[in-house]
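The values are calculated or read from the model by the stated rules, or taken from the named source; none is laboratory data. Everything quoted here is computed from the prediction, not taken from an experiment. Cβ: placed from backbone, ideal geometry, glycine included. Neighbour counts: every protein chain shown. Heavy atoms of the whole protein, side chains included, go into the accessibility calculation; ligands, DNA and RNA do not. Shrake-Rupley method; radii C 1.70, N 1.55, O 1.52, S 1.80 Å.
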Amino acid sequence: MLCLRNIYAFALRRCQFRTLSSDTLLSQLNSCTTEDQVFDLVGKNKAKLSEKHVGSAISLLWKFQKEKSQLLRNIDYVKNHSQFLTLRILAENKIEFMDNDLLVDTLYNVLRFTVEAHDSLVEELVMEAWRRLERFSLPTLSKFAMCLNEQQIYASPLTGKIADIVNVNLDSIQDTRVLSVLMINISGVISQSFRERLIQKAELLLETVNFIHFNHARRMVQFLRNVRLTYRPLLEKCNKVFLENPSQLDLENISLILGLYQSLQFNNTEFRLVIKQKLTETIDDCNNPMSFTKLFAALGPMAGPEVRERLIATALLMVEEFNCHQALVVVETMEEMECRNSHLIKKIASLLHKYLDKYKPVELAKITQALVLLHCQNAELYTKLRRLVVGYLQVNVIPSDISMLTRVLSMLPSSQVDEVVINRVDAILPQCNLSDLNAFATALVRWVRHDQSHQQSTSGPGAKLLQKLSNCGHQRLQKASDMDLLLEELRYISGEWFEEILVEETMNTCQRLMDQITWMNVLEFSSFFVKTNYRSTPLLDRIASVAVQHISKIHPSGTYAILLPFTIMNYDPPQSEEFFETCIQHFSSHLGCFEPHLLVLLGYSLAVAEYFPPALINAIFNVDFLAKLDAQLETLPDSLNWRVRLRLMELNRAVCLECPEFQIPWFHERYCQQMQRKGNGSTNTAQQQIHRMLGEILGGSQNAKVSVLTPYYYGIDFECILDKNKKPLPYMDQSIVLADLVQWGPDIQLLGKKGLPPGAQRIAVEFLDSKAFCKNSYHLKGDTAMKKRHLEILGYQVVQIPHFEWNSMELSSKDAWMEYLKKNIFETN
């Protein structure tokens, strides 16, 4: 017993000595202030270094790098230093002695120095971590998940195991950092139900935690981008965090967030106005290519004319200094800005030509699209682009990449169908989804039209492949069994081929799967449905049914997407009043959560359907709201800006005509005059025919007016006036001459009779082309029906001439056309 006691005492003294010695070495490490001091200490104490010393040394080396600016960091120097190699060897030999936190910290820090994923140290650290996974604390687990993500291990069994652990322990997570890191790193392996639980947990923490770090909210937005879900409640909460931390909104973070928002098609006026101001203030400070490129990409698309000119002028001065990545960013932004500065276009094209061999296929696709849309004239550049794209096309085996390359190849000037391309596309058709097939068809249609040798041929290689594409598209639709997967494939499909060849089969498939339309996908389905211009009453009824049953689960702003198909296609579902009132009640108490432009679009959409909710109308026609709208429109793309201004005018007109009790003034006089000056007065063949025949029917051209402008600036094709005996009255008759049609007077209900003899009637004759109808229906679309309604309020008798009647076999002679016009003008009550 005494012998054992002595041995124990000796071991204890040895242990105490080692601890004291270790502490001394650790203190020496912690007192180092440069990398060289650390390396010197490591070199002198190789034999004494424990796993803790090794981990501390590597951690300290990364700490020094973090404290330096990006430009001053010397990662390569550290990575290639002989003593760093010593640390890596020691770390690999001591992995089994590391505790869990040290193990993951070492992996994290080693990766900071760009040590490759296939390095033996990294591999051993990952394998040991996998063995201990169940024993990791949640913070350690989140850090390890981040390390896997950096190694591009997105969907491995290991990532799945981490997701399982998170799923079991989700309720216990109270740290937004831990949750946000885990969310983005397991996003590729989670189910839909697990995704919903993660989002709910994120929302809960954002609502209950006192302080939310800027980066934690950013990661949550990144998670939504990863799972491709625009979940507005979480986005709005994260956006609030960004706005509450303006000091964090530097150029780097603004660029990141804008990119995420763009991917999610999320827009917030307050955020855009704040960052617009911040970015404008930093213009003078962005005097190097790296910072200026980020500024140009973030600010350019939302800048006003003066700031745009400043940015373009700076880009011209700096263009020669851009590297290949910066040149790509600038040309993409120029495309988004619709830049027309020929000098900058020429310079950036020349620079891209120089870097062309350095770009990946997807980057070449972006460059091609941007240059074509910018109307760049550089034949030599396009020739090289074509050669590179064809080269990549020949060796690529991924269907989405091949479809992308084929699409951009067809955009190049003087591009003709190539047998190599035809064979490449033909070989992968069985693997293609609907989006790929649509891209191929769009390219082939373009080629066939430009290739004179095959223009009239149905047996050429292009025409044969088009037939194969159509067959593949129909077969894929017929086999579809999952609505969500189908919507994923249809998300970006558009164009003539889809509308002519696949839209009917697509609607049949959607009807077959319509029980799978739920509150979770109804917004996406409605958005797709509107694009088809195809009137399917069973699908419209399904949308209405889902909306009425689950309206409380749908974000208030989503009601616009739900209502749009019904107002555009002029369709009232069963229990129409219940459907519209349910939607109106849902958003009426949440008008503040709408972006200004979306509120205008919603108001117009409802006006088309003859709904004018007082809360909505009063919210829009309010001085403060209109000022906010003006500010927002300055940050939106020109096309959307133009559309929203037009819809505001049309809503203003509808309210004045249909709801005078609101006492909303007409304040779009100047806007309409400007639009009228910009418009063109072109007429089609049918309108010219009708004009000539009206002159004959009415007894002379003086009895009909062409391209008439009514009060409130409706344009109508033809106008004539009939007396009480249905006889035409000439416009030269001074008793009915109108010096200015827009000055008819304030009494809206009597406008049509003002200045006319008793019993006389104004007739508006309108030719309706295919745009006035849905693709598969002769039912009037909503905007055309509203125009008819408004013209009748203005006192017109409206004669509408549908294109399918005018161009029918029944009306194939002049006499038939004349009789048709007489019947509609003189016999209609």
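Here are the numbers for this structure:
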item	result
DSSP-defined antiparallel bridges as percent of all bridges, the chain, nearest 5	65 percent
Lys/Arg +1, Asp/Glu -1 at C-beta; segment 243-382 dipole; positive extreme among PRO301, LEU364, PHE271	LEU364
Rounded Å value of the spacing that divides the Cα centres of segment 481-544 and segment 671-722	38 Å
Proximal charge balance of THR518 [Cβ under 14 Å; K/R count +1, D/E count -1]	-3
Sulfur and carbon atoms: percent of accessible area, segment 25-112 [1.4 Å]	49 percent
Accessible area, probe 1.4 Å, largest first, for residues LYS63, LYS358	LYS358, LYS63
Heavy-atom accessible area per residue - the chain, 1.4 Å, Å²	49 Å²
Three-way shape call for the chain based on the alpha-carbon gyration tensor, with the a/c threshold at 1.5	prolate
Loop-located chymotrypsin sites (Phe, Trp or Tyr not before Pro) in segment 127-225 whose Cβ has at most 13 other Cβ within 10 Å (DSSP)	PHE211
VAL425 accessible area, assembled protein chains, probe 1.4 Å, Å²	0 Å²
Cα centroid separation, segment 266-288 to segment 289-309 (Å)	9 Å
Relative contact order computed over segment 551-663 (Cα-Cα under 8 Å; 6+ residues apart), in percent	28 percent
Simple spin-label estimate for MET290 and GLU67 in nanometres, 7 Å along Cα-Cβ	2.0 nm
Cα gyration tensor category, rounded, prolate or oblate, for segment 441-582 with a/c compared to 1.5	prolate
Dipole moment magnitude, nearest 20 debye, the chain about Cα centre, only Lys, Arg, Asp, Glu C-beta charged	1280 debye
Expected 222 nm ellipticity per residue - DSSP helices of 4 or more, -39500 (n - 2.57), all of the chain, to 500	-19500 deg cm²/dmol
Relative contact order of segment 472-570, pairs being alpha-carbon contacts under 8 Å that are 6 or more residues apart, as %	30 percent
Total formal charge among the other residues, if their Cβ is under 12 angstrom from that of HIS353, Lys/Arg +1 and Asp/Glu -1	+3
Net charge contributed by nearby residues that have their C-beta within less than 11 Å of PHE612 (K/R +1, D/E -1)	-3
Listed peptides 24-31, 501-508, 307-314 by packing density, highest first (mean Cβ within 10 Å)	501-508, 307-314, 24-31
Alpha-carbon centroids, segment 573-647 and segment 181-233: separation in whole Å	29 Å
Mean Cα-pair separation over length for the chain, i.e. relative contact order, pairs under 8 Å, 6 or more apart, %	5 percent
